[in-house]
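Read the structure below first, then the notes.
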Amino acid sequence: MEEMYKFEKQKLLSVLPEDVCKSLCENRAMIAGGAITSVFCNREIADIDVYFRSYREMANFLYSLEGTSNIIISYTDKAVLIKTDDDQIIQVISLATFDDPLSVFAKFDFSVVMGAYDFYAENFLFNNNFFKDNSQRVLRFHSGTLFPIMSLLRVEKYRNKGYTISKSEFLRIVLTCMNSRTRTYKELRSQVGGMYGIDMERAIIGEDDDEVDYDKIVSDLSTLYLDENYFNNIPENHRVKIGNYDEFVHTITGQKRKLFKFEKTLYKLLGNGSLSVMYPDDSSVELYEIVNFENMVDKTKLYKRVMKKDGRYFSYHDRSFEYVLGEVVVPEEWSSSKHSDGMLYFVYSTGVKDCQWSMNTDSVLIECELLSYADITGNADSISGTITVKKAKFIREVSPEEAFKLSNISIRDDRNDVPF
């Protein structure tokens, strides 16, 4: 199966930025639903629904976005809507976690969307009727879906795509809605809210635990179109206001952020590879867990300018010192002929803007990876974004376009979140 669907795998993953794809893989995520259907039906991928096996892995993925150019557009108690740097829409399903793709399918409404790509197993999985029903363009309803009312609304969406539904299948949806036992306003709002909210929620006004007055709601829906915000969609570049990112992730996942202490200072690792000094107070104890820095995931990104000559990379300070792509870089020891303090000088992403040698015509920006926090010498500057380490791995040469973007990352100077 791996070779059979190699093209489809490449097509699916190609719409995701490399850093997002890497984080999804590290956190055993699953893509399921319409994106998979679009890939196998040769349609454009509109958005990608992502599911996780645990809230810890979901939290780790959300943490990986912090400090990057990926935008959180909105979030509810069901999902977090994200727009990537490449304008791809990702929806992190947060209402529950799932053991595997089959448990995801158990909550879906139609067989035509019961396809998934599992980053952990690195393969696709499908419902037995997935290909048959998509090839025939027919809707086969699954009564175990969480939101049958939304399924009823989605029928029109699929009809516009050329799908048909039999009267018996349509009646099954109606009867499932009638049997959903939606009694309170809270339950009804949950049913019609979809995954990232629809305008009909404005018409369902009532206390959460009160019994629904269906006659009133039916009447309110008849005038919903007169609401001044009825035609207003979320702006393309809208960014939801998040005061405390760690509190936001805790609200979504219930997980605590891991902080590590190095030389009496607390740090957290941002998604863009930079470190932030932390000053948590006693009231935020539920948000954080302090661990040894040796136990942290080692993926801090470091940058510097080097001289590129004939496809090779050399230090400006010592023109004989070479950075070899894919290899660990270790500084030379001090000798009578050369001086070395046994350290490598780098900047975090926030320091690229002022990186030395950027005006040289033979200068390129390279990205290295910190292998262990134990390799930090402790010489770090919170203003310039510089750091010295004992060794690091040369990962890649950064493209001029990406280097320009990194050079425009502003350095925040907030006591609660001071990135290096």
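The values are calculated or read from the model by the stated rules, or taken from the named source; none is laboratory data. Keep in mind the model is a prediction, meaning the values are calculated, not measured. Note that we place each Cβ from the backbone using ideal geometry, even for glycine, and neighbour counts take in every protein chain shown.
Taking the range 77-132 as the range and being in contact with a strand residue (DSSP E or B) (Cβ under 8 Å, 6 or more places away or on another chain) and polar (S, T, N, Q) as the test, the residues that pass are THR84, GLN88, GLN91, SER94, THR97, ASN123, ASN127.
Filtering the range 300-321 to residues that are among the polar types (S, T, N, Q) and either touching a Cys at 6+ places or on another chain (Cβ under 9 Å) or under 16 Å from THR388 (Cβ atoms) (or both) leaves THR300, SER315.
Applying the criterion of being out of contact with any Leu (no Cβ under 9 Å at 6 or more places or on another chain) and assigned to a helix (DSSP H, G or I) to the residues of the range 160-175, the residue that is surrounded by the most Cβ atoms within 10 Å (Cβ to Cβ) is ARG172. Residues that are among the basic types (Lys, Arg) and in contact with a strand residue (DSSP E or B) (Cβ under 9 Å, 6 or more places away or on another chain) within the range 161-177 comprise just one, ARG172. Pairs only if they're at least six apart or on different chains, beta carbon under 8 angstrom, first in the range 117-128 and within 12 Å of LYS6 (Cα to Cα), second assigned to a loop (DSSP other than H, G, I, E, B); list them, first residue then second. Close Cβ pairs (under 8 Å, with a partner that is assigned to a loop (DSSP other than H, G, I, E, B)) amount to GLU122/GLU2; ASN123/MET1; ASN123/GLU2; ASN123/TYR5; PHE124/MET1; PHE124/TYR5.
Here the range 345-365 is the region considered, the condition is being buried (at least 22 other Cβ atoms within 10 Å of the Cβ) and touching a Lys or Arg at 6+ places or on another chain (Cβ under 7 Å), and the residue that is nearest to ALA392 (Cα to Cα) is PHE346.
Can you confirm whether the range 160-181 contains a residue that is farther than 30 Å from LEU65 by Cα and at pLDDT below 80? For the range 160-181, residues farther than 30 Å from LEU65 by Cα and at pLDDT below 80: present. Pairing each residue of the range 245-267 that is at positive phi with any residue that is outside any loop (DSSP other than H, G, I, E, B), provided the two are 6+ apart or on different chains, yields C-beta distances under 7 Å for GLY254/TYR55; GLU263/GLY378. State whether the residues of the range 105-128 include one that is surrounded by fewer than 20 Cβ atoms within 10 Å (Cβ to Cβ), touching a helix residue (DSSP H, G or I) at 6+ places or on another chain (Cβ under 6 Å) and part of a helix (DSSP H, G or I). For the range 105-128, residues surrounded by fewer than 20 Cβ atoms within 10 Å (Cβ to Cβ), touching a helix residue (DSSP H, G or I) at 6+ places or on another chain (Cβ under 6 Å) and part of a helix (DSSP H, G or I): absent. Of all residues in the range 15-42, those that are in contact with a helix residue (DSSP H, G or I) (Cβ under 8 Å, 6 or more places away or on another chain) and without any contact (Cβ under 8 Å) to a residue 12 or more places away in the chain total 1.
If you go through the range 245-284 and keep only what is over 30 Å from THR377 (Cα atoms) and part of a loop (DSSP other than H, G, I, E, B), you end up with GLY254, GLN255.
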